[in-house]
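**Student:** Here it is, the structure in full.
The values are calculated or read from the model by the stated rules, or taken from the named source; none is laboratory data. Treat the numbers as computed from the prediction; the structure is a model and nothing was measured. Heads up, the Cβs are rebuilt from the backbone with ideal geometry, glycines too, and the neighbour counts pull from every protein chain shown. Each accessible area value is taken on the protein alone, full model and side chains, heavy atoms only, with ligands, DNA and RNA left out. Shrake-Rupley method; radii C 1.70, N 1.55, O 1.52, S 1.80 Å.
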Amino acid sequence: MQHELAKLADIPETGSILIPFFGREVHVFRAGGEPRAVANACTHIGGPLECRDGKFICPWHGATFSMEDGARLDGPAPAGSRLMRLPTRVIDDALVYVWGRD
Ligand code: FES
């Protein structure tokens, strides 16, 4: 299965864009210049995430997460937890969600 998330040209150098994803949302952004996608869901109790000051921040109770690897940095989210990163691949001019053998 393949599903285009965003054109590379539309992914900002800083911050993120929110993309609808099968009834949910994902943040698409760049980390170290590489395009990535993570689920818009805090690992505490699922709050939405804001991308600010080079990290993801949950406005519900203040958890923060790294944009590099999704690791929890601070707040009530479980220690050692990480944001859910989607498997993606750059295909032609787009970042594409890939699942399975394709
Ligand atoms: S749901 Fe994100 S910190 Fe509580």
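**Student:** Since Gly33 meets every condition but one in (1) open to solvent by less than 50 Å² (accessible area, probe 1.4 Å); (2) modelled with pLDDT under 95; (3) touching a strand residue (DSSP E or B) at 6+ places or on another chain (Cβ under 8 Å), which condition does it not meet?
**Tutor:** (3)
**Student:** Exactly one condition in (1) at pLDDT 95 or above; (2) over 13 Å from the mean Cα position of the chain (by Cα) is false for Gly100; which is it?
**Tutor:** Answer for Gly100: the failing condition is (1).
**Student:** Which ones in the range 84-94 are open to solvent by less than 90 Å² (accessible area, probe 1.4 Å), part of a loop (DSSP other than H, G, I, E, B) and farther than 16 Å from Ile19 by Cα?
**Tutor:** Correct list: Asp93 only.
Conditions (1) part of a strand (DSSP E or B); (2) more than 18 Å from Leu5 (Cα to Cα); (3) open to solvent by less than 20 Å² (accessible area, probe 1.4 Å), marked per residue:
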{"site": "Ala41", "(1), (2), (3)": "no, no, no"}
{"site": "Pro48", "(1), (2), (3)": "no, yes, no"}
{"site": "Cys51", "(1), (2), (3)": "yes, no, no"}
{"site": "His61", "(1), (2), (3)": "no, yes, no"}
{"site": "Leu73", "(1), (2), (3)": "yes, yes, no"}
{"site": "Ala77", "(1), (2), (3)": "no, yes, yes"}
{"site": "Gly80", "(1), (2), (3)": "no, yes, no"}
{"site": "Val96", "(1), (2), (3)": "yes, no, yes"}
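**Student:** Of all the residues that make up the range 80-100, how many are farther than 21 Å from Arg30 by Cβ and either within 13 Å of the ligand (Cβ to nearest atom) or touching a residue at least 60 places away in the same chain (Cβ under 8 Å) (or both)?
**Tutor:** The qualifying residues number 3.
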